[in-house]
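Here, each number is a calculation from the coordinates, and none is a lab measurement. As the structure is a prediction and not an experimental result, all values here were calculated from the model. In this analysis, Cβ positions are derived from the backbone assuming ideal geometry, glycine residues included, and neighbour counts consider all displayed protein chains.
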Amino acid sequence: MLLLVDPYYDGLGFRVAKSLNVKLVSLVHKVFPDGESYFRIVDDVSGEKVVCLVSVFPEQDKGVLRAIFLSRTLKELGAEKVIIVFPYFPYARQDKRFLPGECVSARIVAEAVFSAGADYIVTIDVHSEDVFKPFGSRFINVRASEAWAGYIKSVYNLEDVFLIAPDKGRINYIGSIASLLGVPYSGFEKVRDLITGEIKKHEPIDPRMFEDLVNSKRIAILLDDIISTGGTAAKVAKRLREEFDGRIIAGFTHGLFLPGSVEKLIKAGVDEIISTDTVKNSFSKVTVADLIANTIRKLV
Ligand code: R5P
């Protein structure tokens, strides 16, 4: 097995390489004056199983194109198997035709990468798995629950902790982390304006459970798959802060942290921000390297 590390984010690449203890493929990469990219795979990859770790944030389109170029070139050079790892899957939130005529971009990205030659796509905490079902076992979504549970256990006193899901869609996932930790959890649901569909506020799904937790615990850990503008997490944290005077920790698997997002969290009363290392950011404390490495070991 060989590992090709994306030149744009080698921090996670380094950790995956150490965890897998594999040889790296040498890649020459440059950008021409007109902005087009050049790649050359220097090593012999014929008959090899090659894992490519591709970072897609902040330049999603270029990341997708890198995955396509590398998959096809590796196959043309005789690689036996190509596994594309997108630690953060690009366009994952555009997973339905919400309005007539829209691109279902999440599915099209996966189709393009498979058509280019990838045998598998591996990703972490994809926004929703449904759109990828047509790809069967070739599309592998790894939940970061073990990484989150390991980190939370190592840092906080679990007696004080409860987990919060920001919306109904995440409640089962947060429940699975809570059960790994043996801590309670609760969730919020979005209250929409029935006329405009706009999210007006977030309210606890189970108000009695919520009351009980805010009155008995000292640390609330709000976990979401993505932070982008920070709007969702800030609304939930603000609502939580109305009733909770303990520490509020906001954790995100994919920390995009667009400008202004951190400010929103601070204003909402968040005390600490943490994220995994699927995307390069200054709040990465939880690594997904071992989860990626373990998944790859099962595939090769
Ligand atoms: C929504 O369904 C997602 O799980 C995230 O809550 C959302 O994408 C976060 O985006 P933002 O930070 O812009 O509110």
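A few remarks follow.
- C-alpha center-to-center spacing [region 204-252, region 1-39] in angstrom: 38
- Put simply, the amide H of TYR185, placed in the peptide plane, has neighbours under 5 Å in LEU163, leaving out anything fewer than 5 places away on its chain.
- Model label zone, VAL31; criterion: amide N under 15 Å from point 7 Å along Cα-to-beta-carbon; scope region 52-84: 55-66
- FRET efficiency for LEU77 and ASN215, using Cβ-Cβ distance with R0 set to 51 Å, rounded to 0.05: 0.25
- Karplus-derived 3J(HN,Hα), 6.51/-1.76/1.60, for each residue of region 226-234, Hz, glycine and proline x: 9, 10, 10, 7, x, x, 5, 5, 5
- Expected 222 nm ellipticity per residue - DSSP helices of 4 or more, -39500 (n - 2.57), all of the chain, to 500: -10500 deg cm²/dmol
- Note, ³J(HN,Hα) from phi for region 115-124, Karplus 6.51, -1.76, 1.60, rounded to Hz, x at Gly and Pro: 4, 6, x, 5, 8, 9, 10, 10, 9, 10
- Percentage relative contact order, the chain, counting C-alpha pairs under 8 Å, at least six apart: 14
- Look at the alpha carbon pairs under 8 Å that are at least 6 residues apart: their mean separation over the length of region 145-277 gives a relative contact order of 21 percent.
- Given charges at Cβ of Lys, Arg, Asp, Glu: the chain dipole, positive-most of ILE199, ALA250, ILE108: ILE108
- Residues whose amide H comes within less than 5 Å of that of ASP167, counting only those at least five positions distant or on another chain, are PHE188 (H built at 1.01 Å from N in the peptide plane).
- With θ taken as phi - 60° and the Karplus curve 6.51 cos²θ - 1.76 cosθ + 1.60 applied, the whole-hertz 3J(HN,Hα) list for region 78-92 is x, 4, 6, 9, 10, 10, 8, 10, 9, x, 10, 7, x, 6, 4 Hz, x standing for glycine and proline.
- Neighbour-count order for ILE174, ILE140, ILE124, fewest beta carbons within 10 angstrom listed first: ILE140, ILE174, ILE124
- Here each label is just a point 7 Å from Cα along the line to Cβ, and for VAL300 and VAL155 those points are 3.0 nm apart.
- In terms of overall dimensions, the chain has a Cα radius of gyration and Dmax of 20.4, 62 angstrom.
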